[in-house]
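The values are calculated or read from the model by the stated rules, or taken from the named source; none is laboratory data. Keep in mind that what you see is a predicted model, and the values were worked out from it rather than measured. Glycine gets a Cβ as well: all are built from the backbone with ideal geometry, and neighbour counts include every protein chain shown.
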Amino acid sequence: MSTIGEVIKCKAAVAWEPNKPVVIEEIEVAPPQENEVRIKIVATSVCHSDLYHLFEYMHPEGFPTVLGHEAAGIVESVGPGVTEFQPGDKVIPVFLGQCRECRFCKSPKTNQCELAWTRVSDVILASVESRFTCKGKKVLQFMGTSTFSEYTVVHQSAVTKIDPAAPLEKVCILGCGLCTGYGAAVNVAKVEPGSTCAVFGLGAVGLAAVMGCKDAGATRIIAVDINSEKAEKAKVFGATEFVNPKDHNKPINQVLVEMTNGGVDYSLECVGKVEVMRSALESCIKAWGISVIVGWTDVYNVTVKPLSLLCGRTWKGCMFGGFKSKDGVAQMVKAYLEKKLMVDEFITHNMTLDQINDAIGLMKDCKCIRTVITLSPQ
């Protein structure tokens, strides 16, 4: 029985308020409007940005919401004006859109998009409009995607069509973390062959950054984390050394400077803590070091001494790994299918939507890299 043009009732994990468990509810998902795509989510994964909104940022106007923004699914129906997609297409929704028409999309200097800025509010971290309701109340769509739901509606500028051969329960994690970390090394830092790198934080984003440094030809890749259990996993992705800041009685930036005869060529901060951002910057060699902020936070300010930059260091920000989202995700899926990119190795747990709070707990307690939630068979 066709659902096209009809309201769909389905299960979703609703975050009614901050710092509380999400609740499995029946929600109503309206048909897609102009330039929108309704997607049946096959698989989604839990990213730290979901936890950030729920437990750290906790903006009161950002609730109720359906979290989730790393996912893959199948197009169920399309709204007026959509020509790029049709029912049955395998797709990945992305939190950072690419309209391909604005001055930012046409510029090789950035992966930002003017249309994306107008569609997702950076105050509530949700779409300015929502196709979700639950118990008669409007429910926000987190980052314009909301993938902890069996169905979601996304603007066509934030959906990328992928190879139909791609296993959705694997490539779903390319919707955020892997592209963010990998691209930070390859696209933003532009790591050079023979260089020395330091990656701070070994979650999925950090491990992807390690992999990016390796693929870019770095000779020495120092993985930094306060959890020594992550050392062996970092080596799987290309780390040559591991340093735990807790094992030293001096600041970690001093440790790295001493280890590398003045500092690393490139450092990537993949934690989202301002004190780590400063440490990553100061671990770079003064004359030409490049440090990239990859971790997401908007809670605290970061402060550095001007001399940390005056001698020649470069400090850069990075969103979604510098990938123009629709193009970049499709390219990464292709690389995975050609066995040029590790993806499976990031997935440590598989669960169902009913277990979403357990999956959130694993991420909160740093007991996983990526947990994939299966919502429906392909």
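Only one of VAL302, VAL294, VAL271, VAL264 is more than 21 Å from ALA216 (Cα to Cα), in contact with a strand residue (DSSP E or B) (Cβ under 7 Å, 6 or more places away or on another chain) and not aromatic (Phe, Trp, Tyr). Can you tell me which?
VAL271
Are any of the residues in region 89-109 at pLDDT below 95, polar (S, T, N, Q), surrounded by fewer than 14 Cβ atoms within 10 Å (Cβ to Cβ) and out of contact with any helix residue (DSSP H, G or I) (no Cβ under 6 Å at 6 or more places or on another chain)?
Looking through region 89-109, none of the residues is at pLDDT below 95, polar (S, T, N, Q), surrounded by fewer than 14 Cβ atoms within 10 Å (Cβ to Cβ) and out of contact with any helix residue (DSSP H, G or I) (no Cβ under 6 Å at 6 or more places or on another chain).
Restricting attention to region 272-304, which residues are assigned to a loop (DSSP other than H, G, I, E, B), touching a helix residue (DSSP H, G or I) at 6+ places or on another chain (Cβ under 9 Å) and farther than 20 Å from HIS48 by Cβ?
SER283, ILE285, LYS286, GLY289, ASN301, THR303, VAL304
Determine whether region 145-165 contains at least one residue that is outside the structural domain of PRO32 (by TED's automatic domain parsing), assigned to a loop (DSSP other than H, G, I, E, B) and at positive phi. Lay out the reasoning, then the answer.
So the first thing to find is which residues in region 145-165 are outside the structural domain of PRO32 (by TED's automatic domain parsing), and the list is none.
Within region 145-165, none of the residues are outside the structural domain of PRO32 (by TED's automatic domain parsing), assigned to a loop (DSSP other than H, G, I, E, B) and at positive phi.
Given the conditions (1) touching a strand residue (DSSP E or B) at 6+ places or on another chain (Cβ under 7 Å); (2) surrounded by 24 or more Cβ atoms within 10 Å (Cβ to Cβ), report the number of the one that LEU178 does not fulfil.
Result: LEU178 fails condition (1) only.
Of the residues THR348, THR371, only one is hydroxyl-bearing (Ser, Thr, Tyr), surrounded by fewer than 16 Cβ atoms within 10 Å (Cβ to Cβ) and either at negative phi or in a helix (DSSP H, G or I) (or both); which? Can you show your working first?
On the way: THR371 fails: surrounded by fewer than 16 Cβ atoms within 10 Å (Cβ to Cβ).
Matching residue, one of THR348, THR371: THR348.
Just to be sure, is VAL333 buried (at least 21 other Cβ atoms within 10 Å of the Cβ), in contact with a Leu (Cβ under 8 Å, 6 or more places away or on another chain), touching a residue at least 60 places away in the same chain (Cβ under 8 Å) and in a helix (DSSP H, G or I)?
Numbers: buried (at least 21 other Cβ atoms within 10 Å of the Cβ): yes; in contact with a Leu (Cβ under 8 Å, 6 or more places away or on another chain): yes; touching a residue at least 60 places away in the same chain (Cβ under 8 Å): yes; in a helix (DSSP H, G or I): yes.
It is true that VAL333 is buried (at least 21 other Cβ atoms within 10 Å of the Cβ), in contact with a Leu (Cβ under 8 Å, 6 or more places away or on another chain), touching a residue at least 60 places away in the same chain (Cβ under 8 Å) and in a helix (DSSP H, G or I).
Hey, can you tell me all the residues within region 110-136 that are within 19 Å of MET58 (Cβ to Cβ), of a type outside the set (Asp, Glu) and exposed (fewer than 14 other Cβ atoms within 10 Å of the Cβ)?
If the condition is that a residue be within 19 Å of MET58 (Cβ to Cβ), of a type outside the set (Asp, Glu) and exposed (fewer than 14 other Cβ atoms within 10 Å of the Cβ), then VAL123 is the only one that fits.
For VAL120, are the conditions met, namely being modelled with pLDDT under 95, closer than 29 Å to MET277 by Cβ and of a type in the set (Val, Ile, Thr)?
So VAL120 fits the description; yes.
Among the candidates PHE85, PHE55, single out the residue that is part of a loop (DSSP other than H, G, I, E, B) and either hydrophobic (A, V, I, L, M, F, W, C) or within 20 Å of THR374 (Cβ to Cβ) (or both).
When all the criteria are applied, what remains is PHE85.
So which pairs qualify, if the first residue must be in region 303-316 and in contact (Cβ under 8 Å) with a residue 40 or more places away in the chain, the second must be assigned to a strand (DSSP E or B), the Cβ gap must be under 8 Å, and the two must be at least 6 apart or on different chains?
LYS316/ILE290; LYS316/SER291; LYS316/VAL292; LYS316/ILE293
Which one of these is in contact (Cβ under 8 Å) with a residue 40 or more places away in the chain, acidic (Asp, Glu) and out of contact with any Gly (no Cβ under 8 Å at 6 or more places or on another chain): GLU101, GLU114, GLU150?
Details: GLU101 fails: in contact (Cβ under 8 Å) with a residue 40 or more places away in the chain; GLU114 fails: in contact (Cβ under 8 Å) with a residue 40 or more places away in the chain.
Every option except GLU150 fails the conditions.
Results for (1) surrounded by fewer than 15 Cβ atoms within 10 Å (Cβ to Cβ); (2) part of a helix (DSSP H, G or I), shown as yes or no for each residue.
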{"site": "GLY183", "(1), (2)": "no, yes"}
{"site": "GLY206", "(1), (2)": "no, yes"}
{"site": "GLY217", "(1), (2)": "yes, no"}
{"site": "GLU229", "(1), (2)": "yes, yes"}
{"site": "LYS250", "(1), (2)": "yes, no"}
